[in-house]
1. When you go through B:M201, B:M232, B:M182 one by one, which is the residue that is within 20 Å of B:G33 (Cβ to Cβ) and of a type outside the set (S, T, Y)?
2. Looking at (1) crowded, with 18+ Cβ neighbours inside 10 Å; (2) of a type in the set (F, W, Y); (3) modelled with pLDDT under 95, which one does A:F46 not meet, given that it meets all the others?
3. Whether any residue in segment A:237-247 is in contact with a Phe, Trp or Tyr (Cβ under 9 Å, 6 or more places away or on another chain), exposed (fewer than 15 other Cβ atoms within 10 Å of the Cβ) and in a helix (DSSP H, G or I) is what I want to check.
4. Within segment B:261-273, how many residues are assigned to a helix (DSSP H, G or I) and either touching a strand residue (DSSP E or B) at 6+ places or on another chain (Cβ under 7 Å) or more than 7 Å from chain A (Cβ to nearest Cβ) (or both)?
5. For segment B:112-128, give me each residue that is surrounded by fewer than 12 Cβ atoms within 10 Å (Cβ to Cβ) and within 20 Å of A:I278 (Cα to Cα).
6. Could we say that B:S138 is of a type in the set (S, T, Y) and more than 14 Å from chain A (Cβ to nearest Cβ) here?
7. Could you tell me whether segment A:298-313 includes any residue that is closer than 17 Å to A:I111 by Cα and assigned to a helix (DSSP H, G or I)?
8. Can you name the condition, by its number, that A:H288 falls short on among (1) within 10 Å of chain B (Cβ to nearest Cβ); (2) under 25 Å from A:L54 (Cα atoms)?
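The values are calculated or read from the model by the stated rules, or taken from the named source; none is laboratory data. These numbers come from a predicted model, not from an experiment. Counting neighbours? That spans all protein chains shown, and the Cβs are built from the backbone with ideal geometry, glycine included.
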Amino acid sequence: MSHPSTYEPSNGFSKWLDRRLPVLRLMHGQFIEFPTPRNLNYLWTFGGILSFCLVVQLITGIVLAMHYVPSGDQAFSSIEHIMRDVNWGWLMRYSHAVGGSMFFLAAYIHIARGLYYGSYKDPREILWILGVLIFLLMMAIAFMGYSLPWGQMSFWAVTVITNLFSSFDTIIPGVGSAIVRWIWGGYSVSETTLNRLFSLHYLLPFILVGVVGLHIWALHVVGNNNPTGVEIQSDSDSVPFHPYITMKDAFAMSLFWMIFAWLIFFAPNYLGHSDNYIEANPLQTPPHIVPEWYFLPQYAILRAIPSKLLGVIAMFASILVLFFVSWLDTSKVRSTKYRPIYKWFFWLFIFTCIALGYLGAKPAEGVYLFYARIFTAYYFIHFLVVMPLIGVIERPKPLPNSITEDVLGKGSSPSGGAGKPEAAPAAPENR
Amino acid sequence: MLAVLLTGGHEVRAAGEAPHIERQDWSFAGMFGFYDRGSLQRGYKVYKEVCAACHGLDHAHYRNLSEPGGPEFSKAAVKYLASQYEVRDGPDSEGQMYQRKGRPSDRFVPPYQNEQEARAANSGAWPPDLSLIAKARSIHEETAWYKAPLKILMDIARGYQEGGADYLYALLTGYQDAPEKMSMAEGMTYNKAFPGYQIAMPNPLAEGAVEYTDGTPETVENYARDVTEFLMWVAEPKLEERKRLGFRVLVYLLMLSGLLYFAKKLVWRDLGH
């Protein structure tokens, strides 16, 4: 958000620098003064948490790459070398593996928060679209990273997922299999495939960093949304980013670290699959090939559809539909808090995603398949029917006139001094 | 998967049927888990005298046996122990490969040169390497869908990581006579813990087969328990270091969170929110 800079270079060097490259002025403006709605709840701390996750993955990943050998013969044992003989190797590797899960956990909460509070609506469309792009990149990076230990699940996940492209054969015969051979670099998943996956797994995170930069830039142009969805109107509606938001983020991050640390130190393999401690063997297919937990909903959608091609299309569509949310939602009101009908559908959607996650871990047969189809249907109905329709027919509850009014109650002074719980009666209170 | 690995050519698999396996109490479970040195040392003996005939430990070195957090044999004992093995080394300055005595820095000498030799010696079955077996197996527990989320959270809160150990113990103590109505494939043995119930490995443990010098009763259950603990250590040699550091990290983060909570309160004190 544009706001007048109060940055004062304090010494000779910063004055000299400020006339040449005002990078300190920029940092001061964006991370110290930046006006932030005063009513943000703890769901807004996940942006900072996600930046932290990205940094952890980069640092641990770069160290792991110093010891990892991307070859068909040695990939698996080089991981064991890291676990056993590299100083703190077990910590780096478990942090990276658990870090992937924590990254997705935080991202899912962040996305759900955006959906609930309408953070994708005018003027935050580009901000939201960049977020979906980040999500897509994360998925690609996580998928490639999962292949690197070259265990049974790594190998067969790569085989299954890359093979999906062969479904294009049903459109133009030969094209699909040509694409698959091109991706594999041969006639089957092999060391050649592993090498390119490693190369891309190292490259894409830096592209991700760039997109994250744009995401934060876009955020700082339009400013934070907030639980009311009412924009900042006066100074009393906002607090400077530092120390208010920095302290709040730091506290939330510390709690997040505790969960992170618990998994790294006490349950590092819980979220993984035991088959991945068996070295890749192209001759033996595991009875159940399942992806990591964070891909289970998409996997359920893929398998819910009888035609392979349509399944692939539905799986990709389940992510791509997010790009259009800003225009699919026709409601004039941002926050679901004030949307009595949509609220129910929102929670039904969350239930749908969790149910799809559960079903993705089950064999695609019988009653599991039946429910996977029902929930897949609702997943798309939610975006394509519910969102446009409810926005038109629903009568939203009245919005507060300002963020300050929402926080302090009606009739409070705009300068805002007194602490008042959100649901307090609207007593006139001027201090 | 398991069936395929253990039986090699004789593929047996019961679709959708996973035997129920009881969870066991392990000293290495939980937040303060540690390995029982006595159990690790006895377990090593069981491995060496029974399992090692067919199963290798490719990722382990003899030196690991004297490292902290493991059986912690003395360095001298490990040196002697390693020297009992013949290791192929070379080439020497004449370009010839030669045999020499093992050293602590050597990897465990495998029982077979390659998969083909292993299969030839075991009527087609390939005994899997055991270095990671305790992490490469798990148990399957049926849970009603509405109970699944709570079960997952409980397992995470408990830090449940012992599925592989539970499975190995159940397998090693799971040999029984086959039910009369069941027809067994040739060379297969009935095991109530094995997926498909037919395993190519004959019952490896018998009461009194391995001598215990510390007075521990020489029962199949004790052998199974000790060798499982040993295999868990081989799969996860840094477990004690990890859990000790984890405890300190959590104490630190708990204090940090407390301080940050009050700092945040202090900063927001004058502001209604």
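1. Numbers: B:M201 fails: within 20 Å of B:G33 (Cβ to Cβ); B:M182 fails: within 20 Å of B:G33 (Cβ to Cβ).
Result: B:M232 is the single residue among B:M201, B:M232, B:M182 that is within 20 Å of B:G33 (Cβ to Cβ) and of a type outside the set (S, T, Y).
2. Looking at each condition in turn, A:F46 falls short on (3).
3. Taking every residue of segment A:237-247 in turn, none turns out to be in contact with a Phe, Trp or Tyr (Cβ under 9 Å, 6 or more places away or on another chain), exposed (fewer than 15 other Cβ atoms within 10 Å of the Cβ) and in a helix (DSSP H, G or I).
4. Looking only at segment B:261-273, we keep the residues that are assigned to a helix (DSSP H, G or I), and these are B:261-268.
Now restrict to residues that are either touching a strand residue (DSSP E or B) at 6+ places or on another chain (Cβ under 7 Å) or more than 7 Å from chain A (Cβ to nearest Cβ) (or both): B:262, B:265-266.
Counting residues in segment B:261-273 that are assigned to a helix (DSSP H, G or I) and either touching a strand residue (DSSP E or B) at 6+ places or on another chain (Cβ under 7 Å) or more than 7 Å from chain A (Cβ to nearest Cβ) (or both) gives 3.
5. As a first pass, look at segment B:112-128 and keep what is surrounded by fewer than 12 Cβ atoms within 10 Å (Cβ to Cβ): B:113-116, B:120.
Matches in segment B:112-128: B:Q113, B:N114, B:E115, B:Q116.
6. Values: of a type in the set (S, T, Y): yes; more than 14 Å from chain A (Cβ to nearest Cβ): no.
When the stated conditions are applied, B:S138 does not pass them.
7. Taking segment A:298-313 and keeping what is closer than 17 Å to A:I111 by Cα, we get A:298.
After this cut, where a residue has to be assigned to a helix (DSSP H, G or I) as well, the list is A:298.
For segment A:298-313, residues closer than 17 Å to A:I111 by Cα and assigned to a helix (DSSP H, G or I): present.
8. Among (1) within 10 Å of chain B (Cβ to nearest Cβ); (2) under 25 Å from A:L54 (Cα atoms), A:H288 violates only (2).
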